[in-house]
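Colleague: Input: one structure, supplied below.
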Amino acid sequence: MLYINNIFYSIQGESSFAGYSCKFIRLAGCNLKCSYCDTKEALTVKNAKKLSISSIIKILCNIGDEKGLVEITGGEPLLQESVYDLFNELIKAGYLILLETNGTISLRNVPEKIIKIVDIKCPSSGFSEEFNDENLNYVNESDEIKFVIGTEEDYDFAKYFLTTHKLKTKKIIFSAVGGITPSRDLALKILKDGLNVRLGIQLHKILRLK
């Protein structure tokens, strides 16, 4: 059983899969409370539904295309131990699976077939010291690392992180905090510094989708 905030079908908006249709499973509960969090409704299990793995799979089968892309997000999905059972069932069902995680909980047991999108928290989040450095051992070429940037300090933090850590993936995303840092300003910084990173834009919000 898992505490589920929402299951819905929308456009993937924030990763290298941006623009593709995607089934989302938003788990409830988070161990962080970032200053810019835009999914506060998923921070606790207060308003969540408790669903079995079979019920979740059944809901997925009734939305969108039969198979395709599915993202497990939160909250922080890895807080719930049963998420590993969900991983296995989704793999059996033939989905291409994305996991969005804040990087504070060990990724050791996440199956290799899962594409991990690891959000490394910058200072303005209030939790830049919470990242579990060991997790870089479990980030592979197919995985992605994301920095959500709201201040000049955040930008410098992200740049420094990239120069001081040997990463196995080249899929690095810099995404501006909505309503605080204009994406254009962030783009200009990236161009000025010649960074080999992807500018992340919340496509689903531009389209006014979930």
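Computed from the coordinates by the stated procedures, all read-outs in this text should not be read as laboratory data. Source: prediction; values computed, not measured. All Cβ positions, glycine included, derive from the backbone under ideal geometry; neighbour counts span all protein chains shown.
Colleague: Could you order peptides 29-35, 136-142 by the average number of other Cβ atoms within 10 Å of their residues, highest first? Working shown, then result.
Modeller: Working: 29-35: 16.7, 136-142: 14.3.
Peptide ranking by packing, descending: 29-35, 136-142.
Colleague: Name the residues whose placed amide hydrogens come within less than 5 Å of the amide hydrogen of GLU76, ignoring near sequence neighbours (fewer than 5 apart) on the same chain.
Modeller: Under 5 Å from the amide H of GLU76: GLY29, CYS30, ASN31.
Colleague: I'd like the Karplus ³J(HN,Hα) series for the stretch 103-116: coefficients 6.51, -1.76, 1.60, θ = phi - 60°, whole numbers in Hz, and an x wherever there's a Gly or Pro.
Modeller: Values per residue, Gly and Pro as x: x, 8, 10, 4, 9, 3, 9, 6, x, 4, 6, 7, 8, 8 Hz.
Colleague: Through the Karplus equation 6.51 cos²θ - 1.76 cosθ + 1.60, θ set to phi - 60°, convert the phi angles of the stretch 18-23 into ³J(HN,Hα) values in whole Hz; use x for Gly and Pro.
Modeller: Listing the rounded values in order: 3, x, 7, 5, 8, 8 Hz.
Colleague: Give the calculated FRET efficiency between LYS205 and THR151 to the nearest 0.05, with a Förster radius of 22 Å applied to their Cβ-Cβ distance. Mind showing how you got there, number by number?
Modeller: Working: r = 20 Å, r/R0 = 0.92.
In this case the efficiency is close to 0.65.
Colleague: Could you pull the Rg and Dmax for the stretch 2-206, using just the Cα atoms, both in Å?
Modeller: In Å, with Rg to one decimal and Dmax whole: 16.5, 50.
Colleague: Also: Need one number: % antiparallel among DSSP beta bridges in the stretch 2-206, to the nearest 5. Intermediate results must be reported in sequence, preceding the final value.
Modeller: Values: 10 of 33 bridges.
Once the DSSP bridges in the stretch 2-206 are tallied, antiparallel ones form about 30 percent.
Colleague: What's the angle, to the nearest 10 degrees (0 to 90), between helix 183-193's Cα axis and the longest principal axis of the chain?
Modeller: Approximately 50 degrees, to the nearest ten.
Colleague: So how strong a dipole does the chain carry about its Cα centre when Lys and Arg Cβ are +1 and Asp and Glu Cβ are -1, to the nearest 20 debye? Spell out each step's value before the answer.
Modeller: Values: 27 positive and 26 negative charges, 115 e Å.
The dipole of the chain has a size of about 560 debye.
Colleague: Evaluate E = 1/(1 + (r/R0)^6) for GLU89 and CYS37, where r is the Cβ-Cβ distance and R0 equals 41 Å; express this FRET efficiency to the nearest 0.05. Intermediate values should be presented prior to the final figure.
Modeller: Working: r = 28 Å, r/R0 = 0.69.
Working from the Cβ atoms, E equals 0.90.
Colleague: Sticking with this one: List the residues whose amide H sits under 5 Å from the amide H of ILE117, counting only those 5 or more places along or on another chain, with H placed 1.01 Å from N in the peptide plane.
Modeller: Those lying under 5 Å, H to H, from ILE117 are LEU99, GLU100, THR101, GLU144.
Colleague: A further question follows. Please list, ordered by chain and number, the residues whose modelled amide H lies under 5 Å from the amide H of ALA176; skip anything fewer than 5 residues away on the same chain.
Modeller: Residues meeting the criterion, in which the H sits 1.01 Å from N, are ILE149, GLY200.
Colleague: Something else: Among the listed pairs LYS121/LYS189; LYS146/LYS189; LYS116/LYS192; LYS168/LYS189, give every one whose C-alpha distance is greater than 21 Å.
Modeller: LYS116/LYS192; LYS168/LYS189
Colleague: Which angle from 0 to 90°, rounded to the nearest 10, does the C-alpha axis of helix 152-164 make with the longest principal axis of the chain?
Modeller: 80 degrees
Colleague: Right, something else. Please report, in debye to the nearest 20, how large the charge dipole of the stretch 78-165 is about its Cα centre when each Lys and Arg carries +1 at its beta carbon and each Asp and Glu carries -1 there. It would help to have the intermediate numbers written out before the result.
Modeller: Values: 7 positive and 17 negative charges, 62 e Å.
For the stretch 78-165, the charge dipole is close to 300 debye.
Colleague: Taking the stretch 80-167, which trypsin sites (Lys or Arg not before Pro) meet the DSSP loop condition and have no more than 11 other C-beta atoms within 10 Å?
Modeller: Working: sites: LYS92, ARG108, LYS113, LYS116, LYS121, LYS146, LYS159, LYS166; in loops: ARG108, LYS113, LYS121, LYS166.
Those satisfying the criteria are ARG108, LYS166.
Colleague: Using 25 Å as the Cα-Cα cut-off, could you pick out the over-long pairs in LYS58/LYS205; LYS92/LYS210; LYS46/LYS210; LYS40/LYS159; LYS33/LYS166; LYS40/LYS166? Present the calculation step by step, with values, prior to reporting the outcome.
Modeller: Details: LYS58/LYS205 27 Å; LYS92/LYS210 27 Å; LYS46/LYS210 20 Å; LYS40/LYS159 28 Å; LYS33/LYS166 28 Å; LYS40/LYS166 33 Å.
Check vs 25 Å cut-off fails for LYS58/LYS205; LYS92/LYS210; LYS40/LYS159; LYS33/LYS166; LYS40/LYS166.
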